[in-house]
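*Asks:* Once you've had a glance at the structure underneath, I'll fire off some questions.
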Amino acid sequence: MPGATRIVIAASATLAMSPLAFAQDPARGRAVAVQRCVSCHDINGRSRQPLRGATPFRDIALEPQFGPNWLAIYLPFSHPDIDGPSLGLAEVSELAAYIATLQRR
Ligand code: HEC
């Protein structure tokens, strides 16, 4: 295997495992949700749910598979049509931190 390929594979593996390594600020995740998700989802268990069928974030927070790694993998595949540029791992990780705070309410 050429050296470059090996480096790319190693880097991809590191990225796939590293959402937790990013700073996780729930307040920033909430800001991302307000910008990018609230047009369809109830993002705090209290706002209205604009799009029927868009799972409220509080329900997402309580699902057993929920977590930063799951969200990082799930979002790009399930939401290819979200407006604006795709979210980076740091933003997804912040979103996950915010969604996790909804478990306590
Ligand atoms: C254009 C509307 C729309 C936007 C914007 C949107 N979503 Fe969704 N989302 C949906 C719909 C509809 C579903 C349910 C469909 C499904 O489960 O396949 C869904 C499902 C989900 C689920 C899975 C819920 C489950 O049952 O496991 C997650 C997680 C999610 N969205 C996160 C987000 C996040 C985070 C954002 C903002 C970055 C976002 N969504 C923005 C429409 C949207």
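Here, each number is a calculation from the coordinates, and none is a lab measurement. Keep in mind that this is a model prediction, so the values were computed, not measured. Note: ideal-geometry Cβ built from the backbone for every residue, glycine included; neighbour counts use all protein chains shown.
*Asks:* Can you tell me which of 26-36, 54-64, 72-82, 89-99 comes out highest on packing, and rank the rest after it, using the mean Cβ neighbours within 10 Å?
*Replies:* Averaged packing, sorted descending, gives the order 89-99, 26-36, 54-64, 72-82.
*Asks:* On to the next question. Using a simple charge model, +1 on the beta-carbon of Lys and Arg, -1 on the beta-carbon of Asp and Glu, nothing else, what dipole does region 51-102 show about its Cα centre, in debye to the nearest 20?
*Replies:* 140 debye
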